Structure formats: structure tokens, C-alpha cells
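Structure first, then comments.
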Amino acid sequence: MNTGMLPKKPPTDLKTVLDSEIKEWHFHIYFHQGNAEEHHAALELRDAVLRLRRDGAFIAVPLFRVNTDPIGPHPVGSYEIWVPSETFSSVFSYLCMNRGPLSVLVHPLTRDEVIRDHELRRAWIGPSFPLDLTKLPIRSEEVPLQYPSLKVGYSSKVPFMSLEDRAALGANVEKVLLKEKDAARAPIP
């Protein structure tokens, strides 16, 4: 589906791709507000995330507020968990394995809140829910920084890996995969 907003061809320039990388994410845990069992499961999952954060499993910051009614674009009870890219896969994995009956909306934090972040770039763990996108601003002037005191995500001043280190890693992976018959080869430039 091309809505006219997506590039016709994905970028492949390493610097361009790394400069546009999403650094922060929201996970919204959904529960039906009239369902005491789901509400309890949502709070237990929230407490588990908080304990695991304390113990060093990942960086994840649930917002202090749990919305027992629909709020903003969210049509049911929910709460938000902010996650920097540095621990995204750990949190995603944990929620995939432990969400129980709950649905989880996952979306990036960029300047394009409505069309791109909450519609085109969103993903669901579990069944999806319709969102009321009229409740969101279309675009922000700044990337919405959360918890800059943690110095991760958009607030990090240190790149995960330099361009040179990434290029060397990629070359090494290609070399190793030459022995793997089922692995696709990168196109020759």
C-alpha cells in the first residue's frame, strides 16, 4: 500500500539510515475497563516490568498513571510504558511472552504522531483496537523527549556503534554467512 507518504524505494545509505533510526518507543497495555480480571492482569504486568527494570533486565518506564477509562486515542483502559531503543527488543520479547490476555500497542516516538507513528508505524502484540487519531497532534516541532535524565534514546550523546564499526560488522556477517546455504546474500552495489 503506497499512501504517497512512503518512499518508493527504501534508503540503503548507512549514514542516512542510522541518522533516521527511531530511538524511543511507547508500549500501551490495553485492558477492558469493565473487566476486573484484565485490569488486575494489567497491573500485575506493570509491577513485573517495574521489578525487572529495578533488577536491570531492561530500561522501561511505565507512566505513573493507569487510565481506567478511554483517554486520547486509546479506546479502552490503558497505561503507557516508555522504552528507549537500547532495550526495545528485551521489552518487546518480555511483553510477547507475558502479556496474557492483554493487547499491546507499540509505536515509535517521532515528530509525526498521527499519520506515521500511530497509524502507519504502529504494531500490535495481541488483537488490535481501533484508535481515535483525531485526538492527537499531527506533527510536533521537536522529537518528544521523555526522561532525558537517563541519557538514553534521543537523549544519548554516545552512538551505539560508529559507522566504521557497523560497516566492519556488516562485512563480517556477510563473510560468515557465505557458509550458510539458506541465508540470502546482500546485493552487490
Quiz item: What is the distance, in nm, between label points placed 7 Å from the Cα along the Cα-to-Cβ direction at Arg65 and at Lys8?
Solution: 4.5
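Could you work out the relative contact order of the chain, using alpha carbon pairs under 8 angstrom and six or more residues apart, expressed as a whole percent? Mind dumping the intermediate values first?
On the way: 240 pairs, mean separation 40.4, N = 189.
Dividing the mean separation by the residue count of the chain yields 21 percent.
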Quiz item: Which order do peptides 120-132, 40-52, 173-185 fall in by mean Cβ count within 10 Å, highest first?
Solution: 40-52, 120-132, 173-185
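For segment 137-170, state which trypsin sites (Lys or Arg not before Pro) are in a DSSP loop and have at most 14 other beta carbons lying within 10 Å of their beta carbon. Walk me through the numbers on the way to the answer.
Working: sites: Arg139, Lys151, Lys157, Arg166; in loops: Arg139, Lys151, Lys157.
Sparse-neighbourhood loop trypsin sites (Lys or Arg not before Pro): Arg139, Lys151, Lys157.
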Exercise. Alpha carbons only, please: Rg and Dmax for segment 97-189, in angstrom.
Key: 19.2, 52
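Show me the chymotrypsin sites (Phe, Trp or Tyr not before Pro) within segment 6-75 that DSSP assigns to loop and that have at most 11 other Cβ atoms within 10 Å of their Cβ.
Details: sites: Trp25, Phe27, Tyr30, Phe31, Phe58, Phe64; in loops: Phe58, Phe64.
Passing sites in segment 6-75 are Phe64.
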Practice problem: Just grab the label-to-label distance for Glu141 and Ala168, each label 7 Å out from Cα along the Cβ direction, in nm (one decimal). | Solution: 4.2
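Counting Lys and Arg as +1 and Asp and Glu as -1, each charge on the Cβ, what is the dipole of segment 21-155 about the Cα centre in debye, to the nearest 20? Provide the component values of the computation, followed by the final result.
Working: 14 positive and 17 negative charges, 45 e Å.
Result for segment 21-155 is approximately 220 debye, rounded to the nearest 20.
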Exercise. Once you have the Cα-Cα distance between Asn35 and Ala123, take 0.36 nm times their residue separation minus that, and quote the gain in nm to one decimal.
Key: 29.3 nm
Exercise. Give a residue-ordered list of calculated ³J(HN,Hα) values for segment 115-129 (Karplus: 6.51 cos²θ - 1.76 cosθ + 1.60, θ = phi - 60°; whole Hz; x for Gly, Pro).
Key: 5, 7, 5, 8, 10, 7, 9, 7, 9, 10, 10, x, x, 8, 10
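Under the 0.36 nm per residue contour assumption, what length would be gained going from the current alpha-carbon distance of Leu18 and Asp47 to full extension?
Working: separation 29, 0.36 × 29 = 10.44 nm, distance 3.36 nm.
Fully extending the segment from Leu18 to Asp47 adds 7.1 nm.
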Self-check item: Karplus-derived HN-Hα couplings along segment 90-104 (A = 6.51, B = -1.76, C = 1.60, θ = phi - 60°), whole Hz, x at Gly and Pro
Solution: 5, 5, 4, 4, 4, 5, 4, 7, 10, 6, x, x, 8, 9, 10
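To the nearest µm²/s, what D does Stokes-Einstein give for the chain at 25 °C and 0.890 mPa s, using the Kirkwood radius over alpha carbon pairs as Rh?
Details: Rh = 18.7 Å.
Translational D for this selection: 131 µm²/s.
Readers should treat all values here as calculations from the given coordinates under stated rules, not as data from a laboratory. Everything numeric here is computed off the predicted structure, so don't read it as measured data. A quick note on method: Cβ atoms are made from the backbone with ideal geometry, for glycine too, and the neighbour counts reach across all protein chains shown.
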